[in-house]
Every structure is written in C-alpha cells, then in structure tokens.
Amino acid sequence: MNIMELGAFGEFVGSIGVIVTLVYLAIQIRQNTAQQKKSELDSRASAVNASAAALRDARRDIYQDAELSDIWLKGMSQPDELSEIEYLRYRLMIQNTVDGIWDIHSRTTVTGLSPEIWDSM
C-alpha cells in the first residue's frame, strides 16, 4: 500500500467518522427536543394544578366552616344583611376566588396554556 492509497483510506475513514458523528448528533438533538417538550408539559401541568389547588383551598375553607358557609350563602343571596365583619369576610372569600381565577387566566395567556384549560376552570 503506497502513500496515495493510505491517504484515500484515511479520507474514507474520516468521512465515515463524520457521518457517524452527524447521525449521533441528530439522535441527541431529537432526544433533547423530546425532553424539552416533556418538561414544558410537566411545568404547565404543575401550573394548572397550583391554580386549581388555590381554588380548591378557597372552597374547602367555605364548606368546612359552618360560619363561613352561612356568610357565603347570605352574601350570595342577601348581601345587604351582612354585618361589617361578615361583609369583610365575604369580600375576602370572593377575592380569594377571583385571585385563583385570575391566576388561571394569567397562566393561560402568558404561558400559553391551552384555552380549553381556562374554559374548563
């Protein structure tokens, strides 16, 4: 084998190495893209769960406490009959609910959550 043949063989081996490297990089990029999509979906699901948890907590406070349930019912049907303290508590309950809904709406518009999630909440 002369020097020309060795040079040609070296170029052939080098080109095979380049092809193998490109295939490897393509596989790595595909795996990385899939992982990023999964991570984005996980983060969106976590955001929705956090928003829904805030609303569940606000509702739980109302149904677990008879006094708050009475205030809620009176505030929904006869708000003029609430005392000052009841009115304050009712306003805070409403504010917690609105904050939870606003959080879901913000996450929908800012982070690109699907509008179906907003509609379902």
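Of 71, 27, all but one fail to be at pLDDT 90 or above, farther than 28 Å from residue 107 by Cα and in contact with a helix residue (DSSP H, G or I) (Cβ under 6 Å, 6 or more places away or on another chain); the exception is 71. Of the residues that sit in the stretch 78-110 and are more than 32 Å from the chain's Cα centre (by Cα) and among the hydrophobic types (A, V, I, L, M, F, W, C), which one is surrounded by the fewest Cβ atoms within 10 Å (Cβ to Cβ)? Looking at the filtered set, the residue picked out is 85.
If you go through the stretch 58-77 and keep only what is more than 11 Å from residue 90 (Cβ to Cβ) and surrounded by 12 or more Cβ atoms within 10 Å (Cβ to Cβ), you end up with 58, 59, 61, 65, 69.
When residues in the stretch 50-70 are screened for being under 18 Å from residue 99 (Cβ atoms) and either touching a Ser or Thr at 6+ places or on another chain (Cβ under 7 Å) or not polar (S, T, N, Q) (or both), 13 of them pass. For the stretch 75-89, give me each residue that is in a loop (DSSP other than H, G, I, E, B) and within 15 Å of residue 62 (Cβ to Cβ). Residue satisfying the conditions is 82 alone.
When the residues of the stretch 73-110 are filtered to those that are in contact (Cβ under 8 Å) with a residue 12 or more places away in the chain and touching a Ser or Thr at 6+ places or on another chain (Cβ under 8 Å), the one that is farthest from residue 53 (Cα to Cα) is 107.
Residues that are without any contact (Cβ under 8 Å) to a residue 60 or more places away in the chain and either among the basic types (Lys, Arg) or closer than 22 Å to residue 116 by Cα (or both) within the stretch 44-72 comprise 45, 46, 49, 50, 53, 54, 56, 59, 60, listed in sequence order.
The values are calculated or read from the model by the stated rules, or taken from the named source; none is laboratory data. Being a predicted model, the structure only gives us computed values, none of them experimental. Glycine also receives a Cβ, built like all others from the backbone with ideal geometry; neighbour counts cover every protein chain displayed.
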